[in-house]
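S.K.: Quick one: this structure, given as structure tokens, is what I'll be asking you about.
The values are calculated or read from the model by the stated rules, or taken from the named source; none is laboratory data. Because the structure is a prediction, the values reported are computed rather than measured. Backbone-built Cβ (ideal geometry, glycine too); neighbour counts: all protein chains shown.
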């Protein structure tokens with residue numbers, strides 16, 4: 001349903017959001033992914049880690 | 001999604017133990033009532049009603065309530081996903097922590113980006129709406145008023161002027177009173193029956209009307225989803241809720257339910273009470289209230305709304321600066337940026353994060369309102385979609401037996 005809703009939305013807004021997402025994905029591919037050990041480390045509260 | 005977690009890897013491997021000098025975890029001291037009220041105060045449903053909903057009136061006319069109703073039904077399913085994930089991974093990191101832990105770091109990154117789009121745009125959108133409700137006392141350009149509210153909110157954020165519980169509660173009460181007054185006035189000046197809610201008609205401003213179909217509702221669904229967006233922020237409190245496995249779900253669902261009531265009842269009242277379809281489609285709630293009640297009550301309600309919007313702007317800038325602060329903590333950027341976003345001033349406010357939210361926010365007030373609304377709608381729909389997909393991973397082998405609130409009627413993957 002949400003996927004269908006997405007296809008019906010304003011094209012300009014879709015293009016802007018897609019553009020931002022593509023740039024962010026490139027940042028992930030070329031910067032974050034090669035530095036997995038030191039970047040984008042998702043932290044969880046201590047009582048949820050086990 | 002190439003970076004999906006190996007389900008055999010325990011969660012702790014993804015989220016390594018915090019170093020000894022890391023901040024201590026938050027105290028679990030909130031119950032469902034406290035969590036719901038706090039989330040509602042941040043959601044500020046009245047700001048959605050009085051700023052975002054008028055756009056829906058102009059495009060959907062009498063179908064506005066229908067669109068919000070359908071959006072709310074979708075949101076119930078989304079709330080189930082949030083509740084399940086929020087109880088499985090109760091983290092103040094919210095969506096990206098949940099999705100990143102379950103569906104992989106790349107998925108978490110995409111969720112973070114969609115959240116960032118939403119949190120950067122929404123305060124500006126809300127702030128732009130201020131001028132309409134200040135109109136009874138001062139006439140000011142919406143963009144200028146919006147930018148001024150954003151700058152004021154940024155200054156408040158820099159000084160860490162967090163609204164205390166009492167002040168936040170007072171603003172919430174003011175909002176609810178404004179919504180209740182609008183509802184009462186709308187129903188007491190009813191011009192058309194409830195059946196009008198089931199027949200989509202919109203006025204064109206010159207007395208003529210045109211029908212509205214389901215295609216228009218779908219096209220506006222991004223905005224309709226955006227209207228109730230915010231209920232999910234209850235999961236940001238999941239590190240502070242007592243018994244999170246049970247209370248996160250209850251808080252999310254109660255917040256959604258109350259938000260829908262506070263928004264939908266006045267929308268129905270306005271739809272049946274507007275003097276004509278042109279007035280309804282113009283979506284000027286301030287004028288409608290003044291027309292129903294006389295100028296004094298209209299002015300009072302408008303000023304209540306303006307105050308609620310300004311409060312919402314301050315709360316959002318402060319809250320959203322914490323998103324950037326958290327991204328620096330989670331090392332999403334090059335080290336100088338991570339350090340900058342984590343820098344606190346003498347008021348213990350993350351001042352660079354606050355400026356990074358507030359100054360672009362003031363600039364965004366000069367971008368066309370429709371574009372901002374539509375982009376936010378797309379980002380919200382994409383965010384919900386990613387959370388829904390991630391919820392499927394919560395039924396994977398590694399997580400399916402983990403203690404958590406489980407949504408009803410959901411598939412069970414092997």
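S.K.: Show the residue pairs meeting these rules: Cβ distance below 7 Å; 6+ apart or different chains; first residue within the stretch B:206-220 and free of Cβ contacts under 8 Å to residues at least 24 places away in the same chain and more than 10 Å from every other protein chain (Cβ to nearest Cβ); second residue in a strand (DSSP E or B) and surrounded by 10 or more Cβ atoms within 10 Å (Cβ to Cβ).
M.R.: As it stands, the answer is B:210/B:202; B:211/B:201, since those pairs meet every condition given.
To keep it simple, each residue is scored yes or no on (1) in contact (Cβ under 8 Å) with a residue 12 or more places away in the chain; (2) out of contact with any helix residue (DSSP H, G or I) (no Cβ under 7 Å at 6 or more places or on another chain); (3) in a loop (DSSP other than H, G, I, E, B).
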residue: B:327; (1), (2), (3): yes, no, no
residue: B:336; (1), (2), (3): no, yes, no
residue: B:374; (1), (2), (3): yes, no, no
residue: B:391; (1), (2), (3): yes, no, no
residue: B:404; (1), (2), (3): yes, no, yes
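S.K.: Right, residue B:101: part of a helix (DSSP H, G or I) and either more than 10 Å from chain A (Cβ to nearest Cβ) or over 14 Å from residue A:40 (Cβ atoms) (or both) or not?
M.R.: So residue B:101 fails the test.
S.K.: Across the stretch A:1-29, what is the number of residues that are over 14 Å from the mean Cα position of the chain (by Cα) and more than 7 Å from chain B (Cβ to nearest Cβ)?
M.R.: 4
S.K.: Go through (1) away from every other protein chain (no Cβ under 14 Å); (2) without any contact (Cβ under 8 Å) to a residue 24 or more places away in the chain; (3) within 21 Å of the chain's Cα centre (by Cα) one by one and return the number of the condition residue B:108 breaks.
M.R.: (1)
S.K.: In the stretch B:119-145, which residues are buried (at least 24 other Cβ atoms within 10 Å of the Cβ) and under 28 Å from residue B:332 (Cβ atoms)?
M.R.: Passing the criteria: B:122, B:123, B:124, B:125, B:126, B:127.
S.K.: Hey, does the stretch B:303-321 have a residue that's within 14 Å of chain A (Cβ to nearest Cβ) and more than 30 Å from residue A:8 (Cβ to Cβ)? Steps first, answer last, please.
M.R.: Kept after step one, since they are within 14 Å of chain A (Cβ to nearest Cβ), are these residues of the stretch B:303-321: none.
No, the stretch B:303-321 contains no residue that is within 14 Å of chain A (Cβ to nearest Cβ) and more than 30 Å from residue A:8 (Cβ to Cβ).
S.K.: Residue check: is residue B:65 under 21 Å from the mean Cα position of the chain (by Cα), assigned to a helix (DSSP H, G or I) and either modelled with pLDDT under 90 or more than 14 Å from chain A (Cβ to nearest Cβ) (or both)?
M.R.: Here the answer is yes, as residue B:65 does meet what is asked.
S.K.: Starting from residues that are more than 7 Å from chain B (Cβ to nearest Cβ) and touching a helix residue (DSSP H, G or I) at 6+ places or on another chain (Cβ under 9 Å), keep the ones in the stretch A:33-46 and report whichever is modelled with the lowest pLDDT.
M.R.: Here is the first cut: in the stretch A:33-46, the residues more than 7 Å from chain B (Cβ to nearest Cβ) are A:33-37.
Then drop every residue that is not touching a helix residue (DSSP H, G or I) at 6+ places or on another chain (Cβ under 9 Å), which leaves A:33, A:36.
Working: A:33: 92, A:36: 87.
Ranking the qualifying residues of the stretch A:33-46, first place goes to A:36.
S.K.: Would you tally the residues in the stretch B:355-403 being more than 14 Å from chain A (Cβ to nearest Cβ) and modelled with pLDDT of 90 or more?
M.R.: Within the stretch B:355-403, residues that are more than 14 Å from chain A (Cβ to nearest Cβ) and modelled with pLDDT of 90 or more number 10.
S.K.: Which count do you get for residues in the stretch B:227-257 that are over 13 Å from the mean Cα position of the chain (by Cα), assigned to a helix (DSSP H, G or I) and either farther than 19 Å from residue B:65 by Cβ or touching a residue at least 12 places away in the same chain (Cβ under 8 Å) (or both)?
M.R.: Residues flagged as over 13 Å from the mean Cα position of the chain (by Cα), assigned to a helix (DSSP H, G or I) and either farther than 19 Å from residue B:65 by Cβ or touching a residue at least 12 places away in the same chain (Cβ under 8 Å) (or both) within the stretch B:227-257 amount to 11.
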